[in-house]
Amino acid sequence: MYEFDIKAPSKLGKVVRKLKKDEDAVVLGGGQTLIPTLKQRLAAPSQLISLAKIDKLKGISSDNGVVTIGASTVHADVAADGAIPALSALAGGIGDPSVRNRGTIGGSLANNDPSACYPAGALGLGATIVTTDRKIAADDYFRGLFETALEGAEIITAIEFPVPDKAAYVKFDQPASRFALVGVFVSRTGSDVRVAVTGASESGVFRWAEAEAALAANFAPEALEGMTPSGDMIGDIHGSPEYRAHLVGVMARRAVAAC
Amino acid sequence: MPADGGIGAPNKRREDIRFLTGKGNYTDDMNKRGQAYVAFARSQVAHGTLKGVDTSAAEAMPGVVRVFTGADFAEVGGIPCGWQITDKHGEVMQEPAHPVLAQGKVRHVGDPYAAVVAETLDQARDAAEAIEADIDELPAVVDMKAALLEGAPKVHDDLTSNLCYDWGFVEENKAAVDEAFAKAAHVTTLDLVNNRLVANPMEPRVAIGDYDSSAGDSTLYTTSQNPHVIRLLMGAFVLGIPEHKLRVVAPDVGGGFGSKIFHYAEEAFCTFAAKAINRPVKWTSTRSEAFITDCHGRDHVTTIQLALDAENNFTALRTDTHANMGAYLSTFAPSVPTWLHGTLMAGNYKTPLIYVNVKAVFTNTVPVDAYRGAGRPEATYQLERVISKAAMELGVDQIALRRQNFITEFPYATPVAVEYDTGDYVATMDKLEQIADLSGFEARLKASKAKGKLRGLGVNCYIEACGIAPSNLVGQLGARAGLYESATVRVNATGGLVVMTGSHSHGQGHETAFPQVVASMIGIDPSMVEIVHGDTANTPMGMGTYGSRSLAVGGSAMVKATEKIIAKAKKIAAHLMEAADSDIELKDGQFSVAGTDKSVAWGDVTLAAYVPHNYPLEEIEPGLEETAFYDPANFTYPSGAYACEVEIDPETGKVTIEAFAAADDFGNIVNPMIVDGQVHGGIGQGIGQALLEGAVYDEDGQLLNGSFMDYAMPRADDVPFYTVDHSCQTPCTHNPLGVKGCGEAGAIGSPPAVVNAVVDALRRNGSDITHIDMPLTPSRVWSAMQS
Ligand SMILES: Cc1cc2nc3c(=O)[nH]c(=O)nc-3n(C[C@H](O)[C@H](O)[C@H](O)COP(=O)(O)OP(=O)(O)OC[C@H]3O[C@@H](n4cnc5c(N)ncnc54)[C@H](O)[C@@H]3O)c2cc1C
């Protein structure tokens, strides 16, 4: 690690002010991505501004068919909550207990790792990302590998998830990291079907339009038989692009079956 | 706590109390007064000319005590190699220099070319980043066969090529082997890769150099499996410090698996730097550093051929292996693909003619050396795979084919220079069939099918040569060291014992098992015996722990020393009871005179030894302390039969291990619980190799999976509950305990079982596949299923 200062204000406004004042300052969520990055000396922020003391960013509430999860809510708390079982299952499948008791949903969505699980959940449920400045539809939020619509000192404060009729997330683990080699989140709300895919594409999490259309016509695994996504898939030591494309089809069918 | 039992009792491991409650004393737990910290500047390219190192910016940074470069080490020796191989033409191997800090060239990613010693670790790291190396990058050689092509870039400019040696074994047999192949009714050929592994012990390496300027004494605290070996190699070959001025301490060590046998540059650096700046100097490897500096294991590319006659008897075996040495020769690297591999090619079978060719090759990668099993897993894997392939080609049962060719008479002299003293391969196979419930396989196959899964069964045998080994033999084979072991048994006045051993425990449970041996001989509770190891200052010269040698060789030294103790104690007892020495019997800690009711207790005798008021002073000295060195007459030959059942998800290619059974013959057993644990751990590592692990270099020599994010280690849920059995026991005939060694068996025997099972599952599903290279990752298995 390089040397840095750490502050933990108890007011969100103060966090934003500090970030605006110092462009080398970085906001710290659960630290499960940021701290390893610092330990490997891959980043050298001047200061970390922790969200840990801002209580109003924590917690889960339900109102009118919408589940709102505070940005600082840890994966373990989402896993324990049953309001959207598919989302709880997704959170319960992230990392290990220490990661789940530290890592936050806001941190995960801000980071937008192409192999992370929550981006598929947010996109697959048509969530709304609430920030200190605005509300951003998930469809407009994810902008590629580690890229999001967040700007400058903008902080995620909460995520609003509409409760679906049915949903499921199926993840195929990358053998070493156990992030998603491919993860597919499928939801159906009325006649609206969403299929969000993480881990697979060179452009990050994406909605698989062809699969959504096929499922809108027939919401059954068979509807996806033989289908694989087009577009550039990731190829690395864990799997070729062809393998990933194939897995997307398999995981999507399994997700539909699990709905 | 219940009283401990003696030999054969499953005593709980006493050391675990400290390991599991955070009370262990690992090297990194130690901090010396006034200590400074080291950070190494390491090459980020695999191959380059080191034209200069500019340390001026680093030297000006806060907290920097001193910056060292290769030039500082010009006057000292390089890191030595402990084994010299003579090739098939009678020439000695090519042996390159291995400077402590790179001089002139960098040869692998991670090769250190400078080091900063600073007041704090972060200051040292900051300054190390400020060092500017002028490196002209050169094309790297990574692929072994490409490295041997005419015109390939040379890793070492002063060698004639990248070939370390071309070894033929047994060269005199080659023509006969070729002739047998020409006459064979059937020949099975298999090309395979034994994947390159990173040992990844839980504790990364650490070294602390300390120098006492008043006495001129150097001390090295290090994460080593063999502190005396490090003292000898570093003292005599690198730094020129005689043993009485150099102490090496390896305290609690958190796993080694071979990777902590070797003498590493960082150890020499810290010892050297501590004297240079007259302050203790500490280096702690990061996990990222460990991936590019700890020696890797395996990395063989092999073609193996098995010849059979019309009755399916094995008539000859021929292998052709390229073995990666990496950029430099690590301590025992040359011995692994040769004497630890070629001599095992007979396996459990009476194949009369065998020829093994090994080309050891330099590449721009991290050095490769012994890793749990060291050569023997490579031998077992190829042999057991080619036998299974032969069974498939011939359409015969793979167990029957093995049984038909088993060695059944002992001692058995193999055509590859070793003589197995004992074994019963039929018994272990019978045992395996029973404990693995092989007759129930068809039912399990059906159940898997009903779930949409492909099930497969893999069976294989293994043999290993352990208890390394007779010094005169290994000397003839090129070892530059003896391989005996030592023990000093010190009996205290009130009867307790301290055993100082040259063996080293880094997870094996010596502190529990060794007392069982000594206490059983005397007939006292093992809790009266304490084990001391790991410090050259208070243990006799020993060769350390690897090659499953600690009990077979170190334990035997302990037996010899204890025998001397008992002989002397009997003399004292005879004096106390006014009887003849030869009439004294020792049982349950009591000395008695045969045929009488006279007896004295163990404690009476030990007290008399130190309070010699009534004592035969004219015959024997007071005190009760004996040292023994034991040099075995032969290796030991544990063997066994393993079975693995897998399920494959046909849609994803993911393999899960559903069952794993191991029937081992380790000879006599001292602590069956520890043996179970050793087998479990070994199988876990073997499953890791078979399904998950494998270091991958790109063509520029960059390690693509240098962290746990990409290098897959086995986790608890990757392995099943094992069924292990070691009731088949053919005791070793030449060591006093009749023990054979169990530390490596699991890692040796399990990879072929897993691969055999996966191939079997695919073939039962209609595939004509004959082989998939490890690791059998989902993507590899899926790809194989597509073709
Ligand atoms: C061993 C391990 C296994 C893992 N496995 C998985 C897995 O299987 N699936 C998976 O999805 N993830 C996995 N993760 C990642 C984990 O979910 C992280 O917790 C998560 O990606 C980041 O959340 P955090 O709260 O820890 O964020 P931090 O590490 O604190 O921050 C990450 C980034 O987000 C920014 N940030 C944090 N909070 C906010 C906010 N509220 N608003 C704006 N920016 C913010 C930070 O500045 C930083 O750039 C794993 C991590 C580890 C260490």
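Can you tell me which residue among A:D165, A:D139, A:D113, A:D173 is free of Cβ contacts under 8 Å to residues at least 12 places away in the same chain and surrounded by fewer than 22 Cβ atoms within 10 Å (Cβ to Cβ)?
Working: A:D165 fails: free of Cβ contacts under 8 Å to residues at least 12 places away in the same chain; A:D139 fails: free of Cβ contacts under 8 Å to residues at least 12 places away in the same chain; A:D113 fails: free of Cβ contacts under 8 Å to residues at least 12 places away in the same chain.
None of the others qualify; the one that does is A:D173.
Can you pull out every residue in the stretch B:597-621 that is of a type in the set (S, T, Y) and farther than 22 Å from B:I524 by Cα?
Residues of the stretch B:597-621 that are of a type in the set (S, T, Y), as a first pass: B:599, B:606, B:610, B:615.
Within the stretch B:597-621, B:Y615 is the sole residue that qualifies.
Which one of B:G701, B:G738, B:G746 is closer than 30 Å to B:K564 by Cα, more than 14 Å from every other protein chain (Cβ to nearest Cβ) and touching a residue at least 12 places away in the same chain (Cβ under 8 Å)?
On the way: B:G701 fails: closer than 30 Å to B:K564 by Cα; B:G746 fails: closer than 30 Å to B:K564 by Cα.
Testing whether each residue is closer than 30 Å to B:K564 by Cα, more than 14 Å from every other protein chain (Cβ to nearest Cβ) and touching a residue at least 12 places away in the same chain (Cβ under 8 Å) leaves just B:G738.
Report those strands (runs of 3 or more DSSP E) wholly inside the stretch B:129-194 carrying at least 2 residues which are within 30 Å of B:L401 (Cβ to Cβ), more than 14 Å from chain A (Cβ to nearest Cβ) and touching a helix residue (DSSP H, G or I) at 6+ places or on another chain (Cβ under 6 Å). Talk me through it step by step, then tell me what you get.
Numbers: elements: B:132-137, B:163-169, B:186-194.
Correct list: B:186-194.
Going through A:R41, A:R17 one at a time, which residue ends up being among the charged types (D, E, K, R) and over 18 Å from A:A153 (Cα atoms)?
Working: A:R17 fails: over 18 Å from A:A153 (Cα atoms).
Exactly one residue qualifies, and that residue is A:R41.
If we keep just the residues of the stretch B:56-77 that are out of contact with any helix residue (DSSP H, G or I) (no Cβ under 7 Å at 6 or more places or on another chain) and surrounded by fewer than 21 Cβ atoms within 10 Å (Cβ to Cβ), which is farthest from B:T293 (Cα to Cα)?
Only one residue fits best here, namely B:A60.
In the stretch A:123-133, what residues are over 17 Å from A:V197 (Cα atoms) and either surrounded by 18 or more Cβ atoms within 10 Å (Cβ to Cβ) or away from the ligand (no atom under 13 Å from the Cβ) (or both)? Don't jump to the end; show me each part of the working.
Of all residues in the stretch A:123-133, those over 17 Å from A:V197 (Cα atoms) come to A:128-133.
Within the stretch A:123-133, A:T128, A:I129, A:V130, A:T131 qualify.
Output the qualifying pairs, or none if there are none: Cβ atoms under 7 angstrom, residues six or more apart or on different chains, first residue in the stretch B:704-720 and facing chain A (nearest Cβ under 9 Å) and free of Cβ contacts under 8 Å to residues at least 24 places away in the same chain, second residue surrounded by fewer than 20 Cβ atoms within 10 Å (Cβ to Cβ) and not in a loop (DSSP other than H, G, I, E, B).
Listed by first residue and then by second, the contacts come to nothing, as the list is empty.
Of all residues in the stretch B:696-721, which are surrounded by fewer than 19 Cβ atoms within 10 Å (Cβ to Cβ) and aromatic (F, W, Y)?
B:F708, B:F721
Looking only at residues that are surrounded by fewer than 24 Cβ atoms within 10 Å (Cβ to Cβ) and within 26 Å of A:S10 (Cα to Cα) in the stretch A:92-110, which one is farthest from the ligand (Cβ to nearest atom)?
Ranking the candidates gives A:N101 first.
Residue pairs, Cβ under 6 Å, 6 or more apart or interchain, first in the stretch A:27-53 and more than 12 Å from chain B (Cβ to nearest Cβ) and outside any strand (DSSP E or B), second of a type in the set (D, E, K, R) and near the ligand (Cβ under 8 Å from one of its atoms). List them.
A:G30/A:R102; A:Q32/A:R102
Which residue out of B:A561, B:A567, B:A557, B:A537 is part of a helix (DSSP H, G or I) and surrounded by fewer than 24 Cβ atoms within 10 Å (Cβ to Cβ)?
Working: B:A561 fails: surrounded by fewer than 24 Cβ atoms within 10 Å (Cβ to Cβ); B:A557 fails: surrounded by fewer than 24 Cβ atoms within 10 Å (Cβ to Cβ); B:A537 fails: part of a helix (DSSP H, G or I).
Sole residue among the options that is part of a helix (DSSP H, G or I) and surrounded by fewer than 24 Cβ atoms within 10 Å (Cβ to Cβ): B:A567.
Please list, ordered by residue number, the helices (runs of 4 or more DSSP H) wholly in the stretch B:396-485 having 3 or more residues that are within 31 Å of the chain's Cα centre (by Cα). Spell out the reasoning first.
On the way: elements: B:398-405, B:425-435, B:441-450, B:471-476.
Ranges flagged: B:398-405, B:425-435, B:471-476.
Could you count how many residues in the stretch B:422-450 are free of Cβ contacts under 8 Å to residues at least 60 places away in the same chain and in contact with an Asp or Glu (Cβ under 8 Å, 6 or more places away or on another chain)?
So the answer is 1.
Please tell me if A:A158 is in the same structural domain as A:N111 (by TED's automatic domain parsing), modelled with pLDDT of 95 or more and either within 18 Å of A:L87 (Cα to Cα) or more than 16 Å from the ligand (Cβ to nearest atom) (or both).
Details: in the same structural domain as A:N111 (by TED's automatic domain parsing): yes; modelled with pLDDT of 95 or more: yes; either within 18 Å of A:L87 (Cα to Cα) or more than 16 Å from the ligand (Cβ to nearest atom) (or both): yes.
In short, yes.
Does the stretch B:10-60 hold any residues that are in contact with a Ser or Thr (Cβ under 9 Å, 6 or more places away or on another chain), among the hydrophobic types (A, V, I, L, M, F, W, C) and either assigned to a loop (DSSP other than H, G, I, E, B) or not assigned by TED's automatic domain parsing to the domain that holds B:R279 (or both), and which are they?
B:A46
What residue, among those in the stretch B:320-343 that are of a type in the set (A, V, I, L, M, F, W, C) and touching a Cys at 6+ places or on another chain (Cβ under 6 Å), is farthest from B:G701 (Cα to Cα)?
To start, the set of residues in the stretch B:320-343 that are of a type in the set (A, V, I, L, M, F, W, C) comprises B:323, B:325, B:327, B:329, B:332-333, B:336, B:339-340.
Keeping just the survivors that are touching a Cys at 6+ places or on another chain (Cβ under 6 Å) gives B:325, B:329.
Details: B:M325: 14, B:L329: 18 Å.
Filtering the stretch B:320-343 for residues that are of a type in the set (A, V, I, L, M, F, W, C) and touching a Cys at 6+ places or on another chain (Cβ under 6 Å), the one farthest from B:G701 (Cα to Cα) comes out as B:L329.
So A:D173 clears everything in (1) more than 14 Å from chain B (Cβ to nearest Cβ); (2) within 12 Å of the ligand (Cβ to nearest atom) except one condition, right? Which one?
Checking A:D173 against (1) more than 14 Å from chain B (Cβ to nearest Cβ); (2) within 12 Å of the ligand (Cβ to nearest atom), the one that fails is (1).
Name the residue, out of A:A120, A:A79, that is at pLDDT 95 or above, within 11 Å of the ligand (Cβ to nearest atom) and under 23 Å from B:M709 (Cβ atoms). Steps first, answer last, please.
Working: A:A79 fails: within 11 Å of the ligand (Cβ to nearest atom).
The unique qualifying residue is A:A120.
If I go through the stretch B:245-274 residue by residue, how many of them are closer than 21 Å to B:D369 by Cα and among the hydrophobic types (A, V, I, L, M, F, W, C)? Steps first, please.
Of the stretch B:245-274, the ones closer than 21 Å to B:D369 by Cα are B:250, B:253-269.
Okay, now just the ones that are also among the hydrophobic types (A, V, I, L, M, F, W, C), so B:250, B:253, B:257, B:261-262, B:265, B:268-269.
Summing the residues that are closer than 21 Å to B:D369 by Cα and among the hydrophobic types (A, V, I, L, M, F, W, C) in the stretch B:245-274 gives 8.
Does A:V182 count as touching a residue at least 60 places away in the same chain (Cβ under 8 Å), away from chain B (no Cβ under 14 Å), surrounded by 23 or more Cβ atoms within 10 Å (Cβ to Cβ) and in contact with a Leu (Cβ under 6 Å, 6 or more places away or on another chain)? Even if it seems obvious, please write down each step before you answer.
Values: touching a residue at least 60 places away in the same chain (Cβ under 8 Å): yes; away from chain B (no Cβ under 14 Å): no; surrounded by 23 or more Cβ atoms within 10 Å (Cβ to Cβ): yes; in contact with a Leu (Cβ under 6 Å, 6 or more places away or on another chain): yes.
When the stated conditions are applied, A:V182 does not pass them.
Answer yes or no: is there a residue in the stretch B:618-628 that is part of a helix (DSSP H, G or I) and surrounded by fewer than 17 Cβ atoms within 10 Å (Cβ to Cβ).
Taking the stretch B:618-628 and keeping what is part of a helix (DSSP H, G or I), we get none.
Checked against the condition, which is being part of a helix (DSSP H, G or I) and surrounded by fewer than 17 Cβ atoms within 10 Å (Cβ to Cβ), the stretch B:618-628 yields no hits at all.
A:A89 is checked against (1) touching a residue at least 24 places away in the same chain (Cβ under 8 Å); (2) closer than 23 Å to A:G204 by Cβ; (3) near the ligand (Cβ under 10 Å from one of its atoms); (4) away from chain B (no Cβ under 14 Å) and fails just one. What number does that condition carry?
Exception for A:A89: condition (3).
If I ask for residues that are in contact (Cβ under 8 Å) with a residue 60 or more places away in the chain, more than 30 Å from B:G507 (Cα to Cα) and under 37 Å from the mean Cα position of the chain (by Cα), which ones from the stretch B:551-588 would you list?
Selection gives B:D588 alone.
Look at B:A310 and say whether it is of a type in the set (A, V, I, L, M), modelled with pLDDT of 95 or more and closer than 25 Å to B:D29 by Cβ.
Against the criterion (of a type in the set (A, V, I, L, M), modelled with pLDDT of 95 or more and closer than 25 Å to B:D29 by Cβ), B:A310 does not qualify.
Could you tell me whether the stretch A:9-21 includes any residue that is among the small types (G, A, S), over 29 Å from B:M709 (Cβ atoms) and more than 12 Å from the ligand (Cβ to nearest atom)?
Scanning the stretch A:9-21, I find at least one residue that is among the small types (G, A, S), over 29 Å from B:M709 (Cβ atoms) and more than 12 Å from the ligand (Cβ to nearest atom), so the answer is yes.
The values are calculated or read from the model by the stated rules, or taken from the named source; none is laboratory data. Not measured: the values here are computed from a predicted model. Because the Cβ atoms are built from the backbone with ideal geometry, glycine has one as well, and the counts that use them run over all protein chains shown.
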